[in-house]
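Note sheet for the following structure.
The values are calculated or read from the model by the stated rules, or taken from the named source; none is laboratory data. Only a predicted model underlies this, so the values are computations on that prediction, with no experimental measurement involved. Here the Cβ positions follow ideal geometry from the backbone for every residue, glycine too, while neighbour counts run over all protein chains shown. With ligands, DNA and RNA removed, areas are computed over all heavy atoms of the protein, side chains included. Shrake-Rupley method; radii C 1.70, N 1.55, O 1.52, S 1.80 Å.
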Amino acid sequence: MPDTPHITVHPVTAKGGRPVTAHTHGTDAPLGTAYGLHDVVEFARRAGLHDPESLVEQESPMIVWTGGGPDTWA
């Protein structure tokens with residue numbers, strides 16, 4: 001099975017944000033900590049995903065939400 005690039009938004013930390021990583025070529029790289037959807041969109045844009053706004057709005061498989069969906073924030 002081929003390695004599918006995607007962004008993972010991890011559960012909320014004790015400090016209130018959600019770590020975000022990019023998975024590509026079999027490795028995960030940290031992108032930063034998101035405090036809202038705008039941050040996730042910006043990280044996805046920086047990672048090179050096309051049309052990141054629609055990916056977040058449509059809950060695309062290119063963005064994996066763990067520990068809660070796009071409505072789960074501190």
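Which members of region 51-67 meet the condition of being open to solvent by 30 Å² or more (accessible area, probe 1.4 Å), at pLDDT 85 or above and outside any helix (DSSP H, G or I)?
Of everything in region 51-67, those that are open to solvent by 30 Å² or more (accessible area, probe 1.4 Å), at pLDDT 85 or above and outside any helix (DSSP H, G or I) turn out to be ASP51, PRO61, MET62, VAL64, TRP65, THR66, GLY67.
Among the residues of region 30-40, is there at least one that is assigned to a helix (DSSP H, G or I) and within 8 Å of the chain's Cα centre (by Cα)?
The answer is yes; a qualifying residue exists.
Cβ-Cβ below 8 Å, separation at least six or inter-chain, first residue in region 33-47 and open to solvent by 20 Å² or more (accessible area, probe 1.4 Å) and among the polar types (S, T, N, Q), second modelled with pLDDT under 95 and not in a strand (DSSP E or B): which pairs?
As it stands, the answer is THR33/LYS15, since those pairs meet every condition given.
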